[in-house]
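Chemist: Before anything else, here's the structure in question.
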Amino acid sequence: MKNGKLLIHPSRPECRIDIKKLLLLLDSIGFISRDSVQKDGLFPVGNHFLQLVTFMGCSPHVRLEPEHPGDEDYVYIHLIESPSALLLASDNSRTPGCPRCRKPAFPDWSVFEQENPLLVCQHCGTRLLPGELRWRTDAGLARLFIEINSIYPGEAQPVAGMMQQLREATGCEWRYFYLLKEKRSRTKKPPEAC
């Protein structure tokens, strides 16, 4: 069973996305199919999903439909929306890096458990905003995530054209990362601008 997920989200936590417009875009480009919405807002992949997400390797095995009732080990889309910034990270996720010194900005994730954290690099003392951090590809902080189920870390990535369409439709830059197994999540307000 695959436990991985590929998540796409706006790069800056303060970016607010109109969910209805986003759903229309994702449906119109064939990323999701709104014709057969599953339970709890889960969407099956659309007709052009495999053109919008590149799978690595010469012969990847990608299941786009469940094999039996209760099967969750197949590719489907789930939108995660939060009124405030939500941190998603796996147990194996590394803390984000400082854009100035390029070292891990924090010793652990506890800085994000505070109500209004002051983000200061532990190595060089630079004050940081969440959107400036080097998040790598194993954690993210946003109000909205497009979660693609059953994608092992590094197995697939969104194509540049999809990321460009998201940017043009929302006015925000987008990035992606992976989660493996259980995910931690914390809902906190993003730090205010310095």
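The values are calculated or read from the model by the stated rules, or taken from the named source; none is laboratory data. Everything numeric here is computed off the predicted structure, so don't read it as measured data. Quick reminder, even Gly has a Cβ in these numbers, built from the backbone with ideal geometry, and neighbours come from all protein chains shown. Note: areas computed on protein heavy atoms with side chains; ligands, DNA, RNA excluded. Shrake-Rupley method; radii C 1.70, N 1.55, O 1.52, S 1.80 Å.
Chemist: Show me the three semi-axes of the equivalent ellipsoid for the chain, from the C-alpha gyration tensor (sqrt of 5 times each eigenvalue), largest first, rounded to whole Å.
Modeler: For the chain, the semi-axes come out at 30, 18, 15 Å.
Chemist: Excluding ligands, DNA and RNA, what is the solvent-accessible area per residue of the chain at a probe of 1.4 Å, expressed in Å²?
Modeler: Per-residue accessible area for the chain comes out at 52 Å².
Chemist: Give the Rg (one decimal place) followed by the Dmax (whole number) of segment 107-175, computed from C-alpha coordinates and expressed in Å.
Modeler: So, for segment 107-175, Rg and Dmax equal 14.9, 39 Å respectively.
Chemist: Got a number for carbon plus sulfur as a percent of segment 1-117's accessible area, 1.4 Å probe?
Modeler: Using a 1.4 Å probe with all protein chains present, segment 1-117 comes out at 49 percent carbon and sulfur.
Chemist: Test of the criteria: in segment 119-163, which trypsin sites (Lys or Arg not before Pro) are in a DSSP loop and have at most 10 other Cβ atoms within 10 angstrom of their Cβ?
Modeler: Those that pass, being in a loop and sparsely packed, number zero.
Chemist: Place +1 on the Cβ of every Lys and Arg and -1 on the Cβ of every Asp and Glu in the chain, take the dipole about the Cα centre, and give the residue among SER36, VAL120, TRP135 whose Cα lies farthest towards its positive end.
Modeler: Of the options given, the answer is VAL120.
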